[in-house]
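The values are calculated or read from the model by the stated rules, or taken from the named source; none is laboratory data. Quick caveat, the model's predicted, so the values are computed rather than measured. Methodologically, a virtual Cβ is constructed for each residue, glycine included, from the backbone with ideal geometry; neighbour enumeration extends over all protein chains shown. Side chains are part of the model used for accessible areas, which takes the heavy atoms of the whole protein and leaves out ligands, DNA and RNA. Shrake-Rupley method; radii C 1.70, N 1.55, O 1.52, S 1.80 Å.
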Amino acid sequence: MTGKIRIAIMAAAWTGLLMALPSCDGDQLLGPDAPQGVEGLVLSGPQCPVPPADGSCPDLPFPAWITIRDAGGSELGRVRAGEDGRFRVGLEPGLFVLDPDPGDPFPTAQDQEVEVVPGVYTEVLVLYDTGIR
């Protein structure tokens, strides 16, 4: 795992939007009803140059495109987070890299390595840096 992107456990119900465009080895890419895969939340922040002490300037959901790659770097497909920042994609068990699309030049997010195990959705938090300081 690299950079500021962290794996987080989230108990919320996921209503993500799946828009996969298969390429290379699409056999690993499954539909959103698969028994395992990746689901997550995409946020962008900071939203204020100087965040107030009362926390009234939280990170916001971000409808980002994320490229899904196999462990060797080959593109398997893409998923887009919904307006609520949530996404879900079914994958065969294995190691994958989530590669969030950057802005020009912001926001940016680091690649994230995730492991998918049988029968479980790996939950992730993708954090985009807005560049606001």
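In segment 61-73, the residues that are in contact (Cβ under 8 Å) with a residue 24 or more places away in the chain and within 7 Å of residue 99 (Cα to Cα) never reach a residue that is open to solvent by 30 Å² or more (accessible area, probe 1.4 Å) and among the hydroxyl-bearing types (Ser, Thr, Tyr) with C-beta atoms less than 9 angstrom apart, at least six apart or across chains. Scanning segment 63-83 for residues that are open to solvent by less than 60 Å² (accessible area, probe 1.4 Å), part of a loop (DSSP other than H, G, I, E, B) and touching a strand residue (DSSP E or B) at 6+ places or on another chain (Cβ under 6 Å) yields 64, 81.
Give 105, 118 a once-over and let me know the one that is under 20 Å from residue 33 (Cα atoms), in contact (Cβ under 8 Å) with a residue 24 or more places away in the chain, part of a loop (DSSP other than H, G, I, E, B) and open to solvent by 30 Å² or more (accessible area, probe 1.4 Å).
Numbers: 105 fails: under 20 Å from residue 33 (Cα atoms).
After applying the criteria, what remains is 118.
Candidates 44, 56: the one that is on the phi < 0 side of the Ramachandran plot, exposed (fewer than 14 other Cβ atoms within 10 Å of the Cβ) and not aromatic (Phe, Trp, Tyr) is 56.
Residue 92: surrounded by fewer than 20 Cβ atoms within 10 Å (Cβ to Cβ), under 24 Å from residue 117 (Cβ atoms) and in contact (Cβ under 8 Å) with a residue 60 or more places away in the chain, yes or no? Yes; evaluated as a whole, the condition is true for this residue.
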